[in-house]
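**Student:** Here it is: the structure, laid out below.
Rule-based calculations on the coordinates, nothing more; no lab input. Quick caveat, the model's predicted, so the values are computed rather than measured. Positions of Cβ are generated from backbone atoms using ideal geometry, with glycine treated the same way; all protein chains shown enter the neighbour counts.
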Amino acid sequence: MAVSTATSLEGAELEAWRNYLQSHASIVRELDADLTSEHGLTTRDYEVMLYLFQAPDRQLAMSVLAQSTMLTRSGITRLVDGLVDGGMIERVACPSDARVSYARLTDAGYEKMRAAGASHIASIRRLFLEHFSVAEIDVLASLLSRLPGARTGGSCTVE
């Protein structure tokens with residue numbers, strides 16, 4: 001077997017990369033399907049609503065939401081528009097700066113998150129965590145924390 005160079009991936013390197021990409025896509029697709037069928041939310045909807053739930057006064061500036069979700073301003077605007085239409089989020093103007101607008105989780109959005117949280121966590125356990133021992137999860141968490149964009153702390157549910 002040839003030694004990997006900077007311009008190619010082979011062997012375990014290629015296997016690790018492919019497995020990561022394929023499993024990530026498969027897990028997100030199934031999480032999306034579960035949330036959509038059970039609660040009418042996508043994983044992106046859930047993510048945005050979770051950021052709002054965890055924020056002071058359950059609201060964040062749209063620019064902060066865009067940055068947190070790694071969406072463009074237009075992408076977060078479209079996503080929030082759908083959640084506003086569904087009554088999950090409301091837009092709030094900044095009283096001191098007309099250029100700034102906030103998204104705030106409504107009471108209906110909070111209740112939707114409480115309902116979706118338990119089943120979402122169950123899906124994460126089934127699709128991801130159950131494939132590893134407790135010790136392996138500790139090692140995996142440490143390894144994955146080295147990747148760009150990785151975040152530590154926080155919660156996946158409103159509980």
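**Student:** When the chain is modelled as a GNM with alpha-carbon springs shorter than 10 Å, which of Tyr102, Tyr20, Tyr110 fluctuates the most?
**Tutor:** Highest fluctuation among the options: Tyr20.
**Student:** While we're looking at this one, here's another question. Which residues among the range 29-51 fall inside the zone where the amide N is under 17 Å from a point 7 Å beyond the Cα of Val84, along Cα→Cβ?
**Tutor:** 45, 48-49
**Student:** Please give the charge dipole size of the chain, origin at the Cα centre, charges +1 on K and R Cβ atoms and -1 on D and E Cβ atoms. Round to the nearest 20 debye. Could the numbers behind the result be given before it?
**Tutor:** Values: 15 positive and 20 negative charges, 86 e Å.
Charge dipole of the chain: 420 debye, to the nearest 20.
**Student:** Please give, to one decimal in nm, the separation of the simple spin-label points placed at Leu140 and Asp57, each 7 Å out from Cα toward the Cβ.
**Tutor:** Taking the simple label geometry, Leu140 and Asp57 are separated by 3.9 nm.
**Student:** OK, next. How large is ³J(HN,Hα), in whole Hz, for each residue of the range 125-131 in order, when computed from phi with the Karplus curve 6.51 cos²θ - 1.76 cosθ + 1.60 and θ = phi - 60°, using x for Gly and Pro?
**Tutor:** Each residue of the range 125-131 in turn: 4, 5, 8, 10, 5, 5, 8 Hz.
**Student:** What translational D, rounded to a whole number of µm²/s, comes out for the chain from Stokes-Einstein when the hydrodynamic radius is the Kirkwood one over Cα pairs, at 20 °C and 1.002 mPa s?
**Tutor:** Working: Rh = 17.7 Å.
It diffuses with D of about 121 µm²/s by this estimate.
**Student:** To continue, here is another question. As an exercise, use a Förster radius of 30 Å and the Cβ-Cβ distance of Glu130 and Tyr110 to find the FRET efficiency, rounded to the nearest 0.05. Don't jump to the answer; show the numbers that get you there.
**Tutor:** On the way: r = 29 Å, r/R0 = 0.96.
After rounding, the FRET efficiency stands at 0.55.
**Student:** Just need the relative contact order of the range 9-121 here, percent rounded to a whole number, with Cα pairs under 8 Å and 6+ apart. If you can, show how the numbers build up before the last one.
**Tutor:** Details: 106 pairs, mean separation 28.6, N = 113.
Answer for the range 9-121 is 25 percent.
**Student:** Starting with the highest mean, order 116-124, 46-54 by the number of other Cβ atoms within 10 Å, averaged over the residues of each peptide. Mind dumping the intermediate values first?
**Tutor:** On the way: 116-124: 16.9, 46-54: 20.9.
Ranking, from highest mean packing down: 46-54, 116-124.
**Student:** Sticking with this structure for a sec: With springs only between Cα atoms under 10 Å, which of Gly82, Gly109, Gly149 fluctuates most in a Gaussian network model of the chain?
**Tutor:** Gly149
**Student:** Let me ask something else about it. Only four residue types carry charge here, +1 at the Cβ of Lys and Arg and -1 at the Cβ of Asp and Glu. Report the dipole size of the range 74-127 about the Cα centre in Debye, rounded to the nearest 20. Walk me through the intermediate numbers first.
**Tutor:** On the way: 8 positive and 6 negative charges, 62 e Å.
Using only the charged Cβ atoms, the result is roughly 300 debye.
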